[in-house]
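Scroll down for the structure; my scribbles are underneath it.
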Amino acid sequence: MGTELSMLLYTTLLAFVLIVVHATVVSLKMGIPWAFSNRSEPAHAGETADRLKRAVENHKEGLIFFAPVALIIAIGGLSTPLTVLGAQIYFFARVAHALTYAAGIAYVRSVAWVAGIVGFLMMVVGIF
C-alpha cells in the first residue's frame, strides 16, 4: 500500500477515534440513562464536547476531499514525492487540528487547519 493510501487509512481511523471520544465525553456528561435512550433530549455536555463535535464535523468535511484525491493518486499510479509529502502533511496537520480543537487552542488550531489545506493542495498539484 502506498503512502497516500496509508495516510487515507490513518485519517479515516482518526475520524473513528474522534467520533468515539466525542460520544464517550457526551455519554459520561449526560449519564448512562441518556446514552442508552432514544436521545429525544438534546445533549448539553459542555464546551469540550461541543469542541469535539465541531472537530468531528470539520474532519469529516476534509475527508470528503482528501479521500478521492488519495484514491485517484493510488489508482492512477500518480504518486510522487510531492503527493507523498502532501498526504503526510495533511494527516499530521489533521491530528494537530483535532488535538488543538479539543483542547481549545484557537490560533494553533487554525495554523494546523491551514497546514492541512497546504498538504491537500500539494497532492492535487502533484496529480497534474
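The values are calculated or read from the model by the stated rules, or taken from the named source; none is laboratory data. Keep in mind the model is a prediction, meaning the values are calculated, not measured. Positions of Cβ are generated from backbone atoms using ideal geometry, with glycine treated the same way; all protein chains shown enter the neighbour counts. Only protein heavy atoms, including side chains, enter the accessible area calculation; ligands, DNA and RNA are left aside. Shrake-Rupley method; radii C 1.70, N 1.55, O 1.52, S 1.80 Å.
When the test is whether a residue is of a type in the set (A, V, I, L, M) and either surrounded by 18 or more Cβ atoms within 10 Å (Cβ to Cβ) or modelled with pLDDT of 95 or more (or both), VAL21 does not pass it.
Being open to solvent by 30 Å² or more (accessible area, probe 1.4 Å), over 18 Å from TYR10 (Cα atoms), at pLDDT 95 or above and not aromatic (Phe, Trp, Tyr) narrows it down to one of LEU85, LEU71, LEU78, so name that one. On inspection, the qualifying residue turns out to be LEU78. Checked against (1) at positive phi; (2) in a helix (DSSP H, G or I), GLY77 passes all but condition (2).
Conditions tested, residue by residue: (1) more than 11 Å from GLU4 (Cβ to Cβ); (2) in a helix (DSSP H, G or I); (3) in contact with a helix residue (DSSP H, G or I) (Cβ under 9 Å, 6 or more places away or on another chain); (4) β-branched (Val, Ile, Thr).
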residue: ALA45; (1), (2), (3), (4): yes, no, yes, no
residue: LEU52; (1), (2), (3), (4): yes, yes, yes, no
residue: THR100; (1), (2), (3), (4): yes, yes, yes, yes
residue: VAL118; (1), (2), (3), (4): yes, yes, yes, yes
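Across the range 88-116, the qualifying residues are those that are open to solvent by 70 Å² or more (accessible area, probe 1.4 Å) and within 12 Å of the chain's Cα centre (by Cα), and the one among them that is farthest from LEU13 (Cα to Cα) is TRP113.
Matching residues to (1) out of contact with any Leu (no Cβ under 6 Å at 6 or more places or on another chain); (2) touching a residue at least 24 places away in the same chain (Cβ under 8 Å); (3) open to solvent by less than 80 Å² (accessible area, probe 1.4 Å); (4) over 14 Å from ARG94 (Cβ atoms):
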residue: LEU5; (1), (2), (3), (4): yes, yes, yes, yes
residue: LEU9; (1), (2), (3), (4): yes, no, yes, no
residue: SER37; (1), (2), (3), (4): yes, no, yes, yes
residue: GLY46; (1), (2), (3), (4): yes, no, yes, yes
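Of all the listed residues (PHE65, PHE16), the sole one being open to solvent by 70 Å² or more (accessible area, probe 1.4 Å), out of contact with any strand residue (DSSP E or B) (no Cβ under 7 Å at 6 or more places or on another chain), in contact (Cβ under 8 Å) with a residue 24 or more places away in the chain and part of a helix (DSSP H, G or I) is PHE65.
When LYS29 is tested against (1) loosely packed, with under 12 Cβ neighbours inside 10 Å; (2) of a type in the set (D, E, K, R); (3) over 17 Å from the mean Cα position of the chain (by Cα), just one condition goes unmet, and that condition is (1).
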